[in-house]
Amino acid sequence: MTQSLQWTGVGRTEIGYVRKSNQDALALLNDCGVWIVADGMSGHPAGDIAAQTAVAVAEQTAQERASWLREHPSAAADFMTDLVTSANRKLHDLMQEKPYLKGMGTTFVALAITTTSTPAAHIAHLGDSRAYLYREGQLTQLTRDHTLVEKWVQRGLIDAATALTHPERHVLIKGLGMGIDMQPELTSVPVTPHDLILLCSDGLTKMLEDTAIASTLSRAYGDPDRACNDLIAQALSRGGEDNVTVIVVAYHR
């Protein structure tokens, strides 16, 4: 069986009820076993261009190198890093060519699944778009937000409860476009055919706490289409204060 038939992602992006434009972007590369979410930085110029460009470049890189990854699954970290560095390079090239784009940036979270004897999910991320693993009723956050507030939490300067409502909780310290040599944080975890893997922009996590996300996923009974649509519906029903993008990846039985 080919990789594309084993794991399938379903994704949607919605503008929400407050923003005037959608600065999120996503890619569903089921044939490659790669999925991507990006969220253009609000308050910066051309967040939509940054997100769309990053996803398009990473998508092209993934398509060009997917067969190589299947042949060399142990080199998944190199593959994931290439997705990020190629996208970051393109953003900086655009800013050099078009000065009015200077300062643009985007979050980025990408997932690739390798299906050797021990199937594994490989994640590369920058910013506060997240990846989660849902397994047997338990939701585990696989990424760590690259935000100023999360940095303070890690240093013990504030507690996690304070971080949830801190006015600077969405100030990023890492993201595509923020540095010429920006490197992703990489994570790899084993996966089973009963798992769901969630990628999302912070338009979901602003509206839903992890307990609500887990509850919604539990009611989807392993159906990625239902999970994706229900999560977005929940985020919108609670105010839809930001663009919301969700990808849910599941084993195709």
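Before moving on, here are some points about what is shown:
- Estimated translational D of the stretch 3-251 in µm²/s (Stokes, Kirkwood radius over Cα pairs; 25 °C; 0.890 mPa s): 137
- Computed [θ] at 222 nm, deg cm²/dmol, the chain (DSSP H ≥ 4; -39,500 (n - 2.57); rounded to nearest 500): -11000 deg cm²/dmol
- A Gaussian network model of the chain, with springs between Cα atoms under 10 Å, assigns the largest mean-square fluctuation among ARG65, ARG219, ARG155 to ARG155.
- Ordering of 173-186, 116-129 by packing is 116-129, 173-186, highest average first (other Cβ atoms within 10 Å, averaged per residue).
- Taking other residues whose beta carbon is less than 12 angstrom from the beta carbon of ALA121, and scoring Lys, Arg as +1 and Asp, Glu as -1, yields 0.
- Over all Cα atoms in the stretch 84-136, the spread is summed up by Rg and Dmax: 15.7, 49 Å.
- Summing charges over all other residues whose Cβ lies under 13 Å from the Cβ of ALA25, with Lys and Arg as +1 and Asp and Glu as -1, gives -4.
- Simple spin-label estimate for GLN183 and THR140 gives 2.5 nm between the two label positions (7 Å along the Cα-to-Cβ direction from each Cα).
- Membrane-span-like helices in the chain (whole DSSP H runs, Cα extent of at least 27 Å along the helix axis, mean Kyte-Doolittle hydropathy of at least -0.5): 47-71, 76-97.
Just so you know, all these numbers are worked out from the coordinates, no wet-lab data involved. Computed from a predicted model, the values in this text were never measured in an experiment. Heads up, the Cβs are rebuilt from the backbone with ideal geometry, glycines too, and the neighbour counts pull from every protein chain shown.
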